[in-house]
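One structure is given here, and the rest of the page talks about it.
The values are calculated or read from the model by the stated rules, or taken from the named source; none is laboratory data. The structure presented is a predicted model; accordingly, all values stated were derived computationally and were not measured. Glycine gets a Cβ as well: all are built from the backbone with ideal geometry, and neighbour counts include every protein chain shown. The protein model used for the area step is the full one, side chains on, heavy atoms only, and it has no ligands, DNA or RNA in it. Shrake-Rupley method; radii C 1.70, N 1.55, O 1.52, S 1.80 Å.
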Amino acid sequence: MCQQSVGLIQRVLDEAGLCTISLTLVREITEQVKPSRALYLEHPFGHTFGDVGEQALQRQILVDMLRSAVEIAQPGTIHTLPYRWVKDDLRERQLQKQAH
């Protein structure tokens, strides 16, 4: 689901008294939508919680979300998580093509 839609839905749920938090991969859109709470990750689309099989990272991101849902009090706050995508998928695809 796109960041804009999620942010708009968050605002409605928050107004109804539900605590929400979202993960975003496009900070600029999230800043415009102004959801109640959001966490920004420098990950590619489709890998918001990390790469396949990275259970420790996926669990840590979930823990960060739960903690931030409680700790972030200022509406519209976007915190940046420290995790960075380091895998070079383009380079791997090029190497795979050369191998075949």
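Per-structure values
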{"quantity": "Which numbered condition residue 44 misses (of (1) within 13 Å of residue 85 (Cα to Cα); (2) in a helix (DSSP H, G or I))", "calculated": "(2)"}
{"quantity": "Any hit, region 62-73, residues being in a loop (DSSP other than H, G, I, E, B) and at positive phi", "calculated": "no"}
{"quantity": "Search result, residues across region 13-56 that are at pLDDT 90 or above, more than 12 Å from residue 3 (Cα to Cα) and among the acidic types (Asp, Glu)", "calculated": "42, 51, 54"}
{"quantity": "First in region 1-17 and closer than 21 Å to residue 46 by Cβ, second anywhere and part of a helix (DSSP H, G or I) and open to solvent by less than 80 Å² (accessible area, probe 1.4 Å), Cβ under 7 Å, 6 or more apart", "calculated": "3/29; 3/30; 3/33; 4/29; 4/33; 7/30; 7/33"}
{"quantity": "Any hit, region 52-65, residues being of a type in the set (Gly, Ala, Ser) and surrounded by 14 or more Cβ atoms within 10 Å (Cβ to Cβ)", "calculated": "no"}
{"quantity": "Matching option when the condition is in a helix (DSSP H, G or I), over 12 Å from the mean Cα position of the chain (by Cα) and modelled with pLDDT of 95 or more, among 91, 59", "calculated": "59"}
{"quantity": "Some residue of region 12-31 being farther than 22 Å from residue 85 by Cβ and crowded, with 21+ Cβ neighbours inside 10 Å", "calculated": "no"}
{"quantity": "Within region 75-84, considering residues that are in contact with a strand residue (DSSP E or B) (Cβ under 9 Å, 6 or more places away or on another chain), open to solvent by 50 Å² or more (accessible area, probe 1.4 Å) and of a type outside the set (Ser, Thr, Tyr), the one modelled with the lowest pLDDT", "calculated": "75"}
